[in-house]
Amino acid sequence: MKITVLGCSGGIGGGRQTTSLLVDDDILIDAGSGVIGLSLEQLVAIDHVFITHSHLDHILALPLLLDSVGAMRDRPVTVYAIDSVLTILRQHIFNWLVWPDFSEVPAERPYLRYAAIEAYQPVALAGRVVTALPANHTVPAVGYLLDSGAGSMVFSGDTGPNAALWDHANHVGNLKAVIVETAFPQDEHSLAEISKHLAPQSLVAELAQLQQDVPVYITHLKPGREQAIMGEIGELLTPGNMPQQLMPGQTFFL
Ligand SMILES: [Zn+2]
Ligand SMILES: [Zn+2]
């Protein structure tokens, strides 16, 4: 299983792109602005889109993806999310006001199929297993566990403090890496608390709960504050435990 980071910023500007991971060539985890850099051929190949939550930075490319390549495909794209997130997408995006309801059109072959998932319920796709994990955010949200069989990666999605995530990660036998958000620098920690994100000190409290010795990658950093956030994390941790900043274009092989 190959995982390619399409976008991992908390915003845009200067080439920054928002959250999306490409798994092999046919699965997206979130559909932020990082998707926009894919070629038409790459967009046509996407069969499955797993959404963490309904915030715009995680879904903005989905309506455009469906409209751009729907007619070139011979089957719908399946959009997986927890039921409450699917309801938001139906009511607020694919509602004929913001965008057509592609789960109904074209009538003979809709471009979109919704699939409701639940936390801890694995979805197997040709040997790849995607499992939603709980998240603690201002709207209904999950993270994901991506498992090739040979190795697994935990992706936190957007989350504040989340003991359930670490409890699950500690029981993954083939865990190879963790991607966890740290959206704000410490001087904006009150914003992080209100918006249910992490800041360096709360990140360190989260990582103290991870009992597996695997590399940790930081995502969703606020544009322009990347150095501040990584520097503050560095001051709180010993060098051997220092996470790395997740980078666009970075690949993982599990
Ligand atoms: Zn969010
Ligand atoms: Zn976000």
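Values as computed for the structure displayed
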read-out	value
Cα-based reach from LYS176 at 19 Å (exclusive), listing lysines while leaving out same-chain residues under 8 positions away	LYS2
Convex hull volume of the stretch 153-228 per residue (C-alpha atoms, cubic angstrom)	81 Å³
Test item: Cα-centred dipole of the chain, Lys/Arg +1 and Asp/Glu -1 on Cβ, debye	240 debye
Among ALA45, GLN17, ALA205 the positive-end extreme of the charge dipole of the chain (Cβ point charges)	ALA45
Net charge over other residues, Cβ less than 12 angstrom from the Cβ of ASP47 (K, R count +1; D, E count -1)	0
Sum of side-chain charges, GLY160 neighbourhood, beta-carbon under 12 Å (Lys, Arg +1; Asp, Glu -1)	-3
DSSP-defined antiparallel bridges as percent of all bridges, the chain, nearest 5	50 percent
Loop-exposed chymotrypsin sites (Phe, Trp or Tyr not before Pro) per DSSP, neighbour cap 15 Cβ within 10 angstrom, longest uninterrupted part of the chain	121-254
Sum of -39500 (n - 2.57) over DSSP H runs of 4+, divided by residues of the chain (222 nm, nearest 500)	-6500 deg cm²/dmol
Qualifying aspartates and glutamates (Cα of each under 20 Å from Cα of LYS222; at least 8 residues distant if same chain)	ASP30, ASP57, ASP158, GLU181, ASP187, GLU188, GLU193, GLU206, GLU232, GLU235
Cα convex hull of the chain, projected area averaged across orientations, nm²	12.8 nm²
Cβ charges +1 (Lys, Arg) and -1 (Asp, Glu), total dipole of the stretch 1-145, debye	180 debye
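Bear in mind these aren't lab numbers, they're just calculated from the coordinates by the rules spelled out. It should be emphasised that the depicted structure is a prediction, and the values quoted were computed from it without experimental measurement. For neighbour counting, all protein chains shown are included, and Cβ atoms are generated from backbone atoms with ideal geometry for every residue, glycine included.
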